[in-house]
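Reviewing the structure listed below.
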Amino acid sequence: ERRVRASLLCVFVTILVACGRPDPAAEFDAAQNSVAVRNYEDAALRLNYVLQVQPDNIDARELRGNIALWLGDYASAASAFERVLKSGHSLEAIALRLAEAYVGQGNSDAALKILRSVEHSLADDALFCALRAEALLAADRVIGARQSIAQAAEANERTLTASSQIEFAMGNQSDAFALMEQAL
């Protein structure tokens, strides 16, 4: 009878522990909902749990990288996107975000390497052109940065900001300020 009671107690405790753990899929969905309302802290906490339980969950890792990027934590973003890439994920799917993380860290060589590898498919993308210009500008290649911005199919806040930085680097302060005003 003692053995039966002990066995039942073990089963009961196991069920209680198992029921107390959140479902990783439900936590991932909740993290996505938190991101939708810009509650990044809650989303990050939920994603941390998902990644503890499922360290190879690429969707959770990619979302965690996005959050880090949005918050300006470029080192964490780069690390997350590098792990996503190592898992076999397509470079083209995350190239711009990984390059942005590298640019944010000041690692223009790594950003340019990533951008060169996807240039064939993204060369007309405004973000691609802006990121390449920012990386080239950081590497003191002002003329190349200006050429990259000129290739952008559309002007947006990011391309205008990069254009302003280029004009400032070239000593054209009035043009730089006009472009920054336009971006704002």
Item to check | Residue list for segment 103-121, restricted to those being open to solvent by 30 Å² or more (accessible area, probe 1.4 Å), closer than 20 Å to Y74 by Cβ and of a type outside the set (D, E, K, R) | outcome: V103, G104, Q105, G106, N107, S117
Checklist outcome for this item: L63 fails exactly one of (1) at pLDDT 90 or above; (2) under 30 Å from F168 (Cβ atoms), namely (2)
Item to check | Residues that are touching a helix residue (DSSP H, G or I) at 6+ places or on another chain (Cβ under 6 Å) and more than 17 Å from S164 (Cα to Cα), drawn from segment 122-144 | outcome: L122
Item to check | segment 102-122 residues that are under 16 Å from S90 (Cα atoms) and assigned to a helix (DSSP H, G or I), paired with ones that are of a type in the set (A, V, I, L, M, F, W, C) and open to solvent by less than 30 Å² (accessible area, probe 1.4 Å) (beta carbon under 6 Å, 6 or more apart) | outcome: I114/A95; I114/L98; I114/A99; L115/A99; V118/A95; L122/F128
Next on the checklist: Looking at (1) of a type outside the set (D, E); (2) open to solvent by 70 Å² or more (accessible area, probe 1.4 Å); (3) more than 30 Å from L51 (Cα to Cα), which one does R83 not meet, given that it meets all the others?
Outcome noted: (3)
Next on the checklist: Being on the phi < 0 side of the Ramachandran plot, open to solvent by 30 Å² or more (accessible area, probe 1.4 Å) and of a type in the set (K, R) is true for just one of R46, R38. Which residue is that?
Outcome noted: R46
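When you go through R146, R132 one by one, which is the residue that is within 17 Å of the chain's Cα centre (by Cα), closer than 21 Å to F168 by Cα and assigned to a helix (DSSP H, G or I)? Lay out the reasoning, then the answer.
Working: R146 fails: within 17 Å of the chain's Cα centre (by Cα).
Result: R132 is the single residue among R146, R132 that is within 17 Å of the chain's Cα centre (by Cα), closer than 21 Å to F168 by Cα and assigned to a helix (DSSP H, G or I).
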Item to check | Failed criterion for S90 (all others in (1) closer than 30 Å to G171 by Cα; (2) surrounded by fewer than 14 Cβ atoms within 10 Å (Cβ to Cβ) hold) | outcome: (1)
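Looking only at helices (runs of 4 or more DSSP H) that fall completely inside segment 21-74, which ones have 2 or more residues that are free of Cβ contacts under 8 Å to residues at least 12 places away in the same chain and farther than 23 Å from A99 by Cβ? Lay out the reasoning, then the answer.
Details: elements: 24-36, 40-53, 58-70.
Answer list for segment 21-74: 24-36, 40-53.
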Item to check | Pair list, Cβ under 7 Å, 6 or more apart: segment 166-184 residue under 17 Å from L137 (Cβ atoms), other residue open to solvent by 60 Å² or more (accessible area, probe 1.4 Å) and among the hydrophobic types (A, V, I, L, M, F, W, C) | outcome: A176/F168
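The values are calculated or read from the model by the stated rules, or taken from the named source; none is laboratory data. Since the structure is predicted, the reported quantities are computational estimates derived from the model, not experimental observations. Positions of Cβ are backbone-derived with ideal geometry, glycine not excepted, and every protein chain shown enters the neighbour counts. These area figures cover heavy atoms from the full protein model, side chains too; ligands, DNA and RNA do not enter into them. Shrake-Rupley method; radii C 1.70, N 1.55, O 1.52, S 1.80 Å.
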